[in-house]
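**Q** Structure below; questions to follow.
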Amino acid sequence: MFTSGGLLVIGGRDAKTNELLVKKYFEEGDLFFHADIVGAPAVIMKGGEKGGERDIKEAAAFAASYSRGWKEGFTSLPVFYVKFGQVSLSPPSGEYRPKGGIIVRGKREWVKGELRLYMGVDERVFVSAVKRGGVVFELTPGSMKREEAAKHIASQLNVDINDVYPLLPPGSIHLKKVV
């Protein structure tokens, strides 16, 4: 997704992509986010050190929303973020790092991650993003099945369901048409 400040936010889908994300795409000036729940994705905000408070809150919402917290029906989760130099794939000598595990050193900055996403069409391209205009859906944990939500969003936005479904968080959804 892109934050309202235009910064790219990307997250891993599993242990393998979490490692790949850190190894290949995390660099100086980026911020690393992680929800405080087991199995949460690694999330990177490209150029995040230049981002503002709103960008940080949006990246935290992304990190929280794609965690197990969605299935659990949480409305928010604590999310921490750190700078590039604080993240490593190498554990300290004599310690073990599980597959997909990321080593974080030093002080963590904490923010409340709201479990809330927005999906809509921006300049004729389907996006998972923050509110920008046009028809936009707000997604929160709810009782609608993922498949049903994907069909509804795709039909209302006139996009392919195969573009929508993979972007939905794990678990049931509550949809609200915002615009």
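Each value in this text was obtained by applying a stated rule to the coordinates, not by laboratory testing. These figures come from a predicted structure and were not determined experimentally. Positions of Cβ are backbone-derived with ideal geometry, glycine not excepted, and every protein chain shown enters the neighbour counts.
**Q** Hey, in the GNM for the chain with a 10 angstrom Cα cutoff, which one of K50, K112, K71 fluctuates hardest?
**A** So, out of K50, K112, K71, the one fluctuating most is K50.
**Q** Can I ask one more? Quick one: among R105, R13, R116, which has the greatest mean-square fluctuation in a GNM of the chain with alpha-carbon springs under 10 angstrom?
**A** R105
**Q** Shifting gears a bit: Taking segment 6-112, which chymotrypsin sites (Phe, Trp or Tyr not before Pro) meet the DSSP loop condition and have no more than 14 other C-beta atoms within 10 Å?
**A** Details: sites: Y25, F26, F32, F33, F62, Y66, W70, F74, F80, Y81, F84, Y96, W110; in loops: F26, Y66, F74, Y96.
Taking segment 6-112 and a limit of 14 other Cβ atoms within 10 Å, the loop chymotrypsin sites (Phe, Trp or Tyr not before Pro) found are Y96.
**Q** Neighbouring Cβ atoms within 10 Å as the yardstick, rank M144, M119, M1, M45 fewest first.
**A** Listed from fewest to most nearby Cβ atoms, that is M144, M1, M119, M45.
**Q** Note down the relative contact order for segment 9-114 as a percent, whole number, built from C-alpha pairs under 8 angstrom at least six residues apart.
**A** 31 percent
**Q** Can you give me the relative contact order of segment 37-96 as a percent, contacts being Cα pairs under 8 Å and 6 or more apart?
**A** Result for segment 37-96 is 35 percent.
**Q** Given K50/K71; K16/K46; K99/K176, which pairs have Cα atoms separated by over 30 Å?
**A** Among K50/K71; K16/K46; K99/K176, the Cα-Cα distance tops 30 Å for K50/K71; K99/K176.
**Q** Take the alpha carbon gyration tensor of segment 1-119, find the square roots of its eigenvalues, order them as a ≥ b ≥ c, and report rounded if a/c is under 1.5; if not, report prolate when a/b exceeds b/c, else oblate. Mind showing how you got there, number by number?
**A** Details: a/c = 1.71, a/b = 1.26, b/c = 1.36.
The shape class here is oblate.
**Q** Could I ask something else about it? Can you tell me the 0 to 90 degree angle between the C-alpha axis of helix 53-65 and the longest principal axis of the chain, rounded to 10?
**A** Rounded to the nearest ten degrees, it is 80.
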